[in-house]
Structures are given as structure tokens and as C-alpha cells.
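Read-outs throughout are calculated quantities, based only on the coordinates presented, and are distinct from any laboratory measurement. If you're wondering where the values come from, they're calculated on a predicted model, not measured in any experiment. FYI the Cβ positions are ideal-geometry reconstructions off the backbone, even for glycines, and counts take in every protein chain you see.
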Amino acid sequence: MLTNLNAKRPKLSAYKVRCMRPQAPSENTFFAGLLTAVRHPAEPAASKASLRTRIVQKLRQVTGTLGDNKVVIFIDEAQHLREIEYEWLRDLHDDLENNDVRLFTFRIGQHQLLAQKAALQAQDKEQIVARFMIEELAFKGLASSPWSSRSSCARTRRASSIPTRVCCRSTYLPSRCLRRRRSGASTGNF
């Protein structure tokens, strides 16, 4: 996935993070994982603020070197993200925005992602939903394959109405546009 994206858009910074569910969410573990994903080693004893600063500096450096101010992060197994981790991701989004770097995230995971979005909407967590849950794309397995007639697994997946994987796309939406959307005004161009 990243190889194809890098071949088509060589100036784009793209990374993949696998979301592991620790016993208790930890800001240090969260930012250390992001640093590892961007191939920038994290110091085990570093403070939360230091780790956050280092990820912002690293992404600024990479985007400056490549000449594109966009960063794409694919978060695999994103159904494991908790609300506090979305808040940390939102903080990173804001820090990067303040440094003229645009963050785009694609959350990839199981169907629980859809329930996560509904729960956050019910709790009026629009800051999270508007940044990280704009659009859902369902993956239902192989639809046509030379093996589909011989594989009961492929037939079962194709017949099922429950997606085997879900991808939720985010897009950049400044807070001023979010306020306009709530008031019913058009967001227009930004």
C-alpha cells in the first residue's frame, strides 16, 4: 500500500501505524509508537512533551525535505483507539497545522469503527468526528477471484453483509469551518 502510494506521489510523506491495545492508554506509548512509525527512534525515558515535540519536528523536517506539506498516516486496527488517543491525535493535528503541515489519517479496522463513530457523535464529540471520521469505506473481501468458486471462505465473506474491514477517511477541516457547519452556514473554500 505505502509502496504504491510513494511511487505515485514521491513527495508525499506516508506512514503506517499498527494500533495495539495496551492495558491502559499512555501518552508516552502513543507518541513513541508514532515516532517508531516515522522511523525516528523514541527515547524510553523522554517526557510526553518531548515526544510530541520530536514527532512534530520530524514530520516538519520530512515534509520540508520532500517539498510537500502533507502527511498521511494509515492507522491499522484502529478499532482499538480510545477517545483519549483521538484527543492526542487531535493535539498532534493542531500542532502540525500550526507548523503549516496538513495531517490526513486513514483508520483501517473492523466493523467496530462504525460503532465508535456513532458513540462519539452521540456524546457530541464533533471535534474528533469531523477530523478523523469523515467517510467510511467497507471492504467485503474478494468479490471476484479465480479461487472464489473453490474457497468456502471467499463464498462466506462475499455472502456476508458485515464488512470484513472498514476504512474511515479524514480530511483537513479547520475549526472555523466546523463552527460554520454547526450554525448551518456553508463551509465554502478554505
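Side notes on the structure shown:
- Reducing the stretch 108-142 and the stretch 1-57 to their Cα centroids gives an inter-centroid distance of 21 Å.
- Annotation: amide H-H contacts under 5 Å for TYR15 (H modelled 1.01 Å from N, sequence separation of 5 or more, or interchain): VAL72, ILE73, PHE74.
- Distance (nanometres) between label positions extended 7 Å along Cα→Cβ at THR29 and LYS8: 3.4 nm
- At R0 = 30 Å, FRET efficiency that the Cβ-Cβ distance of ALA37 and ASN98 yields, to 0.05: 0.90
- Across the stretch 97-108, computed HN-Hα scalar couplings (Karplus, 6.51 cos²θ - 1.76 cosθ + 1.60, θ = phi - 60°) run 4, 5, 10, 6, 10, 9, 9, 10, 10, 10, 8, 10 Hz from first to last residue, x flagging Gly and Pro.
- Segment SER50-GLN112, extension gain: residue separation times 0.36 nm, minus the distance between their alpha carbons: 19.1 nm
- Counting only residues at least eight positions apart within a chain, or on another chain, the aspartates and glutamates with an alpha carbon under 14 Å from that of LYS70 are ASP94, ASP95, GLU97, ASP100.
- The peptide list 74-85, 94-105, put in order of mean Cβ contacts within 10 Å with the highest first, becomes 74-85, 94-105.
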